[in-house]
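First comes the structure, then the notes that go with it.
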Ligand SMILES: Cc1cc2nc3c(=O)[nH]c(=O)nc-3n(C[C@H](O)[C@H](O)[C@H](O)COP(=O)(O)O)c2cc1C
């Protein structure tokens, strides 16, 4: 049976937690026009680690607390498990539902970002959870994206967007989203 293109990613931008070694941060995996890419800010640790390693693991998971923690701090070694791919030690997040190990090649470098092309070399589907859409969960992810820029520039327009999403997290989220929100509010205050 043929797998859909990009499997298990979908066309568009897939929000995953990228791990390189024992370091993790949320990053979007962009799947378009038969290409798989990441655009990573050069100011991030993730960018320099990808440059050095040439491998990146895309951890697919839905836990908003992990997304917020990985965006603003270090997960700590206990969050990871080690495995081997082609004779190299790689690490994935222990609670990932699925993960893809990608070979990563820097295609383009601008002043702000590196554009990385990705080629899957190992894919594992550990668990397929049924995840109904929850606007609170979507909004905590949106607020975290804006929050990672807001801590750098304190742009009031970003703060307005964060506040909009905070309202939705409070209205539509569950306990895990509310815990992630408390963490986010701390990180960006
Ligand atoms: C859902 C989500 C998606 C993100 N996507 C990207 C991305 O595609 N590229 C990027 O450079 N930063 C992205 N970020 C921001 C990084 O995760 C953030 O800058 C992080 O602090 C980088 O960590 P590091 O410096 O430890 O690598 C995203 C953040 C979130 C919450």
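Just so you know, all these numbers are worked out from the coordinates, no wet-lab data involved. Just so it is clear, the model here is predicted, and its values are computed rather than measured. No Cβ is skipped: glycine too gets one built from the backbone with ideal geometry, and neighbour counts run over all protein chains shown.
Temperature 20 °C, viscosity 1.002 mPa s: under these conditions the Stokes-Einstein estimate for region 64-114, based on its Kirkwood radius over C-alpha pairs, is 159 µm² per second. Computed on the chain, with alpha-carbon pairs under 8 angstrom and 6+ residues apart, the relative contact order is 19 percent.
The length gained by stretching the chain between residue 22 and residue 34 to full extension, at 0.36 nm per residue less their Cα-Cα distance, is 1.4 nm.
Full-extension gain between residue 164 and residue 124, please, as 0.36 nm times their residue separation minus the C-alpha to C-alpha distance.
Using 0.36 nm per residue and subtracting the Cα-Cα distance, I get 10.8 nm.
One decimal place: the segment residue 89-residue 103 gains 3.7 nm when fully extended, by the rule 0.36 nm per residue minus the C-alpha distance. Rounded to the nearest 500, the 222 nm mean residue ellipticity of the chain from helices alone is -11500 deg cm²/dmol, with -39,500 (n - 2.57) taken per DSSP H run of at least 4 residues. Measuring from label point to label point, each 7 Å out along Cα→Cβ, what is the residue 74 to residue 111 span in nm? Going by the 7 Å Cα→Cβ label model, 3.2 nm. Against the main long axis of the alpha-carbon atoms of the chain, helix 156-172 sits at an angle near 90°. Of all the options 66, 168, 152, the one that moves most in a Gaussian network model of the chain with Cα springs shorter than 10 angstrom is 152.
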